[in-house]
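Let me give you the structure first, and then I'll get to my questions.
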Amino acid sequence: MLVPGKKLQVFSIKEIPARQNEEKKTVWVKAGTAWVNRDGSLNVYLDVLPLEGKLHVREALDDKRAESSNSRAAPANGSQAQEADLADSMGGH
């Protein structure tokens, strides 16, 4: 959700071609951060330039972890599963 002042993470995603008898892989590299402005637009601050021209912006992992730890006392809402999916999609980074 784009909430003013919210910190987002920016990733460059590189696809690695499949080798013989292997699946295609992707590598996620942290490329910078983004901040949501009051009007819903984003300011993006890059530390690296994407080689393939693709950037992926998502909620900061620190924010996800804080929400997950706060929701542990409450009934499960799927946030822990989403965090696990996030870690899997990022190759465990």
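May I ask you to list the GluC sites (Glu not before Pro) in the range 1-56 that are in a DSSP loop and have at most 14 other Cβ atoms within 10 Å of their Cβ?
Numbers: sites: 15, 22, 23, 52; in loops: 22, 23, 52.
Sparse-neighbourhood loop GluC sites (Glu not before Pro): 22, 23, 52.
Pull out the extension gain between residue 21 and residue 60, defined as 0.36 nm times the separation in residues minus the alpha carbon to alpha carbon distance; nm, one decimal.
On the way: separation 39, 0.36 × 39 = 14.04 nm, distance 3.46 nm.
Here the answer is 10.6 nm.
Where a number appears in this text, it was derived from the coordinates with a stated rule and is not lab data. Quantities reported herein were computed from a predicted structural model and do not represent experimental measurements. No Cβ is skipped: glycine too gets one built from the backbone with ideal geometry, and neighbour counts run over all protein chains shown.
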